[in-house]
Every structure is written in C-alpha cells, then in structure tokens.
Amino acid sequence: MMNSELENGFPAGLAKPALRALANAGITNLDQIAAYSKKELLQLHGIGPNAIKKLQNVLEEKGLAFSES
C-alpha cells in the first residue's frame, strides 16, 4: 500500500469535501480523528463511507482507531 499522506497525517487521497468537513469541525490531525466514532464523523457533511475507509486505514497504520462511543 502506498504510504502517501498529507502533512497532517490525513490520507492524500481524501476528497476535498471530506477535508473541508474535518477542517470545519476543527479536526486538524489523526489524534483528533481518533476521538470521534465513525458514526459521529459520518454526520459531518462531506464525510462518507469512502473517507471513513481511508481514514481508518491511516489510523490503523499509526496504531490508532476510531472512538467506540
């Protein structure tokens, strides 16, 4: 798997609407993403199943995971 990431650790293939949704929510790095559940992130306009999958892959590479709550 290619390990191409943006500076903040977000996957490089993450769509612009997803990046905007994270920025609008004040989420700027992977540690902050790990504080959210998939369900919470999916409620953000611009985050869909594809973005969740990409974020999950990068979180796992870093030994992180989505929150369960």
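The values are calculated or read from the model by the stated rules, or taken from the named source; none is laboratory data. Please read these numbers as outputs of a predicted model, since none were measured by experiment. No Cβ is skipped: glycine too gets one built from the backbone with ideal geometry, and neighbour counts run over all protein chains shown. All accessible areas refer to the heavy atoms of the entire protein, side chains included, with ligands and DNA or RNA removed. Shrake-Rupley method; radii C 1.70, N 1.55, O 1.52, S 1.80 Å.
In nanometres, what is the gap between the two model label sites at residue 43 and residue 64, each 7 Å from Cα along Cα-to-Cβ?
Taking the two extended label points, one gets 2.0 nm.
Ranked by accessible surface with a 1.4 Å probe, highest first, in what order do 42, 64, 30 come?
Values: 42 80, 64 50, 30 10 Å².
Of 42, 64, 30, the descending order of accessible area is 42, 64, 30.
What's the carbon and sulfur percent of region 19-69's accessible surface, probe 1.4 angstrom, rounded to a whole number? Before the final figure, lay out the partial values.
Details: 1590 of 3160 Å².
Ligands and nucleic acids excluded, carbon and sulfur give 50 percent.
Per residue of region 18-34, what does 6.51 cos²θ - 1.76 cosθ + 1.60 with θ = phi - 60° give for ³J(HN,Hα)? Whole Hz please, x for Gly and Pro, Karplus curve as stated.
Using θ = phi - 60°, the values come out as 5, 4, 5, 4, 5, 4, 5, 8, x, 8, 10, 7, 5, 4, 5, 4, 5 Hz.
Under a 1.4 angstrom probe, counting protein chains only, how are 38, 53 ranked by accessible area, largest first?
53, 38
What accessible surface, in Å², does a 1.4 Å probe find on residue 40, ignoring ligands, DNA and RNA and rounding to the nearest 10?
80 Å²
With the crude spin-label approximation of a point 7 Å out along Cα→Cβ, what separation in nm comes out for residue 15 versus residue 35?
Calculated label separation equals 2.6 nm.
Ignoring everything except DSSP H segments at least 4 long, calculate the 222 nm mean residue ellipticity for the chain; use -39,500 (n - 2.57) per segment, divide by total residues, nearest 500.
One gets -12000 deg cm²/dmol as the mean residue ellipticity at 222 nm.
Please give the per residue accessible area of the chain, computed with a probe of 1.4 Å over protein heavy atoms only, in Å². Before the final figure, lay out the partial values.
Working: 4440 Å² over 69 residues.
In whole numbers, the chain has 64 Å² accessible per residue.
Largest first and in whole Å, what are the equivalent-ellipsoid semi-axes of the chain based on the Cα gyration tensor, each being the root of 5 times an eigenvalue?
On the way: eigenvalues 51, 40, 24 Å².
Over the Cα atoms of the chain, the ellipsoid semi-axes are 16, 14, 11 Å.
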